[in-house]
Amino acid sequence: MKHVYLGRQPIIDSDANLRAYDILYRDAQKRSEISGDRHASASVVNSVLNKFGTHSILGDRRGFVKIDEKFLMNDIILSVPSEFFVFALLQDVPMSAKVVERIQGLSAAGYMLAINNMSLNSQSVEKYSVIFKELSFVKTTIKLDLSLNVKDVITKIKLNDVTIIGTMIEDSQTYEFAKELGCDWFAGYFFAEPKILETASDEPSQLHVLKLYNLLIQEADIDEITSEFEKNPEITLQLLQFINSGYFHFRNPISSIHHVLTLVGRIAIGQWLMLMIYSKSATRSNERSPLMLMVKSRTQLMQSVLKAVEPGVKSNMLGEAYMVGVLSLIDVIFSVKLEDILQNMHISDEVKEAILEQTGLLGEIYALVKRTEAFDVKAARLFEKKHGLEHKRVENLVLECMREVQKFENPIVE
C-alpha cells in the first residue's frame, strides 16, 4: 500500500469535553477497512509516531486505531509505545486461546484495548466475556431503532469497568438515546448540535458577541466599539485572556480596550469574536469546545487551500475565505436557518454564495473542505488536478491544519 490518508474524529464525553480521537485512514483505493491488509494498521501507527508526531495529531490524548487479528498477533505491536493509542479489535477477531493470551499480555503491559463495533446482544457478551476485564473501552453504533433491552447489555459490560463509546451520533435525538442507554463517551457529528454545547450561565450572550462583530466590520467609531466592550465585562475578560495567551507579542503592556483595538486591528478582533461564539466555556477552562476546534480547522484549511491555488492572493480575499469557514456552522449556535443569519450580517455576497450555494472559488474550496471532513480522497485528487496542484498537496495541507489546530487547542501561556 503506497499511501495512507490520515484523519481524526473527536471522541467526547457527556459534558462535550474532548477525551480521545478516532484515527481514520484510507489507502490509495479509498478503502477504510483493514481486513485483508495486514500492513494498514502498522502504516497508520508509523505515520502518527514518525511522520507527523503524536503531539501534532493527538496532543495529550490517545488515538483509537482499528486492528485485525494479524496485526494483533504480530510482534510489531509490541514495538508501539503503550501511552499513545487504544487498539480497537475488529469484530471478526476470534476469541481463540492464542488471541486471549495475547490480549491479556498486552493489558498487563499497559496497553489499552477496545472492541471496535460491538453488537449489543447476548451473543457478543458471551463472545467477549473472557476478555472484558482486559478491555478499557467498547465502541458500539447507536441507532434509534435499537431496543431498550440493550441497556441491560450495556449495564453488564460496564460492570467490568469498561467505558462505553456510542458512535455514529449525528443528531440530538440519537445523542439523548445513547445517554439513556448508558453510553459514557460519544463520537460522530453530534457535537455540532446546539443542545450539547449549552453555554454556562455566566458566559457572554452570543447576541452581544454578534453585535460587537457587526460594529467592527461596519467600521463603527472606535469609541462606540470600546463602549460596547465595556458593557460586556465577560467578553472583555476573555479578550484580555486571549491577548495575554502568548498568541500576540507587544512591546508595552495593554492599557485599555481602546489600546487593544488599535494594536490588534478590527479584522483580527472580529475573527476572534466569531471564534469565541463557538467556545463552550473559555472562562472556566483552557480547553476549546469540539465545535470551536472544527471551525478553527475549517478557517485554517480554507485559507491554506486558497493560498495554494492563488499564491499571490490578497488579504481581503483571505479574509473572505476565513469568514466562509467561521460562519459555516453559525446556524448550529443560534438554532436558526443559516440563510436567515447571513441575511442580517454585513458580509460580502461572495461569502454568502460560497456558504449557501458553494459557488465561486471560495465555494469550491468550501466544498472541498467539507469533503475532506468526510474523508473523500477522490475529491482532493480531482481538486488538485483541476487547479494544477501537485499530488497529495491537499492531504499535506490537511495535516498542517491539524498541527495548527493542536496549537490552538493547547496555546503556550507565557
Over the range 290-409, what is the relative contact order in whole percent, taking alpha-carbon pairs under 8 Å and six or more residues apart?
28 percent
Taking 0.36 nm per residue of sequence separation and subtracting the Cα-Cα distance, how much length would be gained by fully extending the chain between residue 104 and residue 61, in nm to one decimal?
13.2 nm
Cα convex hull volume per residue for the range 86-181 (Å³):
92 Å³
Using a Förster distance of 56 Å, how high is the FRET efficiency between residue 220 and residue 82, based on the Cβ-Cβ distance and rounded to 0.05?
0.50
Spin-label point model (7 Å from Cα, Cβ direction): what's the residue 211 to residue 126 distance in nm?
6.5 nm
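Provide the FRET efficiency to the nearest 0.05 for the residue 348-residue 13 pair, computing r from the beta carbons and using R0 = 30 Å. It would help to have the intermediate numbers written out before the result.
Values: r = 39 Å, r/R0 = 1.29.
Taking R0 as 30 Å, the efficiency between residue 348 and residue 13 is 0.20.
Using the crude model of +1 on Lys and Arg Cβ and -1 on Asp and Glu Cβ, and no other charge, please compute the dipole size for the range 139-184 relative to its Cα centre, in debye to 20. Display every interim value, and only then the final one.
Working: 6 positive and 8 negative charges, 40 e Å.
Taking the Cα centre of the range 139-184 as origin, the dipole is about 200 debye.
Report the FRET efficiency, 1/(1 + (r/R0)^6), for residue 92 and residue 396, where r is their Cβ-Cβ distance and R0 is 45 Å, rounded to 0.05. The partial results should precede the final answer.
Working: r = 34 Å, r/R0 = 0.75.
According to the calculation, E is roughly 0.85.
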Semi-axes of the range 290-409's equivalent ellipsoid from the Cα gyration tensor, sqrt of 5 times each eigenvalue, largest first, rounded to whole Å?
23, 17, 13
With respect to the cross-link table entries 70/158; 307/392; 133/158, which display a Cα-Cα separation exceeding 21 Å?
70/158
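Every read-out reported here was derived from the displayed coordinates using simple, explicitly stated rules and does not represent laboratory data. From a predicted model like this one, the values you see are computed outputs, not experimental measurements. FYI the Cβ positions are ideal-geometry reconstructions off the backbone, even for glycines, and counts take in every protein chain you see.
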